[in-house]
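*Asks:* Take this structure, written in structure tokens, and hold onto it; I'll ask about it next.
The values are calculated or read from the model by the stated rules, or taken from the named source; none is laboratory data. In this text, all values refer to a predicted model and were calculated from it rather than measured experimentally. Neighbour counts are summed over all protein chains in view; Cβ atoms, including those assigned to glycine, are modelled from backbone coordinates with ideal geometry. Just so you know, the surface numbers come from the protein's heavy atoms only, side chains and all, with ligands and any DNA or RNA stripped out. Shrake-Rupley method; radii C 1.70, N 1.55, O 1.52, S 1.80 Å.
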Amino acid sequence: MKTPPQQPNEFSDIEEVAALWATRIDRGLTAEEQDDYMQWLSESPRHREAMRLFQWAWDEFDRLAGLQTSHEAVPDPDLLAPGSRFTRGSKIRKLLKFSAFVLPTAIAAALAIAFFLEPDDRSEPQLATQIAAPSFQARIEKRTLEDGSQIEINRGGLVQTLFSSTERRVVLVRGEANFTVVKDPSRPFIVEAAGASVRAVGTQFNMKLGDEALDVIVTEGIVSVQDTLAAIAPAANDQLLRVNQQAIVTLDSGDSQIEVTTLSSDQIEAALSWQPKLLDFDSAPLREIVAAFNRSNSIQILLGDSELENIELSCAFWSDNTEGFVRLMESSFNMQAEWLSSRELILR
Amino acid sequence: MSPIRAISLLTGIVLTLLALQACGANSGQRIEVPSGDATITLLEFARQAKVEIIFDAQSVSGIQTQSVMGKHLPSEALDLMTTDTPLVVDQDEHTGAFAITRKT
């Protein structure tokens, strides 16, 4: 029997490089290193994924650095160092050694149990033509960054944060996101997407990465847009974008262009309509509440009869939480939900 | 560093991170809602706790909820507010949203 050819150990190599970049980013990148780093990052989605994992791990280590014992006023950087008060005690050392064997054993046992309890559906392969059951859309992700800036990521979007001591760099890998940036002139906030970049100090803007263009809309403050990857310092050819202005950066040719237009408030509202709104109703008929959900979601809720339409409810609910709303209608208000199609459900 | 010491350290880190996460999840938040009519206090609670809530205004109108002052998880605070009232709290376990109804 032939042995299958060995795959190169590519993932280990990627991890190794990602780990190196994570440590460099932590100490701050030189301009040359930044170029190298962005080049490496853009070479493969696997590079970005590996960086995301290492950045997360690095952040967790930062949290550990702030650990302190309950009776010490300041964190002890040598808390876990060999010979420290913490590790010198024989009981603790024994406990650490003991846990080193118990924990892997427990994880292995849990995996084994999960494997044997998992219903074996391999004997009955799923039909390729089987229609997926209708389901609610995932909620829109809201993320607060370590500097207090906030990102709302539209469904299907993906962003990656790469903060260092000299800059706050974010990569919009795909989709759409809205950024509310906390002012910090010493650390510029730069968002990159498909080779273009947006720089902000303290402002609010929306970015949508499509196949052919990057769309940037400013709703507060000023940002500068570049059709190249930005360095820390602003460049002379930066395109300034002010409130209510939109920049469309074409990505489909080698010679990218930035087109700036001013939008009306209606156009801005339409462009940002994906963002969840707090639906705040005080004794409103259910039909009004449902209409508000329907305006913000592609999944539409229908009401089965006029009696339901006139039930008066008070609520404070985010417009992207159709799922929670419908489930509570069923569990607390004696209604029943039935999917009519993948985009329509009816409450009776 | 020997493999055993490295594994021990990693185990310690994992356990510490889990403990940190557990502490963070249970720390609660400051909620100050005085006693009053449920139609007002429930919305005020939702605003302070930054949670989602829905209730039938007519059926809860006239019911006085208890005062809540202190650091609580939202579900704890709601339980305190509705103690000794005919109000029932329901929570959607997937999204954390609350529904308040009156016992029938």
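*Asks:* In region A:251-262, which residue that is touching a strand residue (DSSP E or B) at 6+ places or on another chain (Cβ under 7 Å) and surrounded by fewer than 16 Cβ atoms within 10 Å (Cβ to Cβ) is modelled with the lowest pLDDT?
*Replies:* Checked region A:251-262; the qualifying residue modelled with the lowest pLDDT is A:Gln257.
*Asks:* Something else now. Scan A:Ser314, A:Ser331 and give me the residue that is part of a strand (DSSP E or B) and closer than 23 Å to B:Ala46 by Cβ.
*Replies:* That would be A:Ser314, the only listed residue that is part of a strand (DSSP E or B) and closer than 23 Å to B:Ala46 by Cβ.
*Asks:* Additional query: Which of the strands (runs of 3 or more DSSP E) contained wholly in region B:40-104 include at least 3 residues that are more than 9 Å from chain A (Cβ to nearest Cβ)?
*Replies:* Passing ranges, in order: B:68-72.
*Asks:* Tally the residues that are open to solvent by 60 Å² or more (accessible area, probe 1.4 Å) and more than 7 Å from every other protein chain (Cβ to nearest Cβ), restricting the search to region A:309-331.
*Replies:* The total comes to 3.
*Asks:* So for region A:233-242 (the condition being of a type outside the set (A, V, I, L, M), at pLDDT 85 or above and surrounded by fewer than 16 Cβ atoms within 10 Å (Cβ to Cβ)), does at least one residue qualify?
*Replies:* Scanning region A:233-242 turns up at least one residue that is of a type outside the set (A, V, I, L, M), at pLDDT 85 or above and surrounded by fewer than 16 Cβ atoms within 10 Å (Cβ to Cβ).
*Asks:* When you go through (1) away from chain B (no Cβ under 14 Å); (2) without any contact (Cβ under 8 Å) to a residue 60 or more places away in the chain one by one for A:Leu279, which number turns out not to apply?
*Replies:* Every listed condition holds for A:Leu279 apart from (1).
*Asks:* Another question about this same structure. Determine which member of the set A:Ile289, A:Ile268, A:Ile258, A:Ile248 is of a type in the set (Val, Ile, Thr) and closer than 22 Å to A:Ser332 by Cβ.
*Replies:* A:Ile289
*Asks:* Sticking with this structure for a sec: Take A:Ile301 and tell me if it is without any contact (Cβ under 8 Å) to a residue 60 or more places away in the chain, buried (at least 18 other Cβ atoms within 10 Å of the Cβ) and over 17 Å from B:Glu52 (Cβ atoms). Show your work before the answer.
*Replies:* Working: without any contact (Cβ under 8 Å) to a residue 60 or more places away in the chain: yes; buried (at least 18 other Cβ atoms within 10 Å of the Cβ): yes; over 17 Å from B:Glu52 (Cβ atoms): no.
In short, no.
*Asks:* Moving to a separate point now. Return the total of residues in region A:173-186 being touching a Phe, Trp or Tyr at 6+ places or on another chain (Cβ under 9 Å) and open to solvent by less than 40 Å² (accessible area, probe 1.4 Å).
*Replies:* Residues that pass the stated criteria total 4.
*Asks:* To continue, here is another question. Pick from region A:291-308 the residues that are farther than 16 Å from A:Pro276 by Cα and modelled with pLDDT of 95 or more: which of them is farthest from the other protein chains (Cβ to nearest Cβ)?
*Replies:* Only one residue fits best here, namely A:Leu302.
This table checks each residue for (1) crowded, with 20+ Cβ neighbours inside 10 Å; (2) modelled with pLDDT of 90 or more; (3) in contact with a helix residue (DSSP H, G or I) (Cβ under 9 Å, 6 or more places away or on another chain).
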position: B:Thr11; (1), (2), (3): yes, no, yes
position: B:Asn26; (1), (2), (3): no, no, no
position: B:Leu42; (1), (2), (3): yes, yes, yes
position: B:Leu78; (1), (2), (3): yes, yes, yes
position: B:Val88; (1), (2), (3): no, yes, yes
position: B:Gly96; (1), (2), (3): no, yes, yes
position: B:Ile100; (1), (2), (3): yes, yes, yes
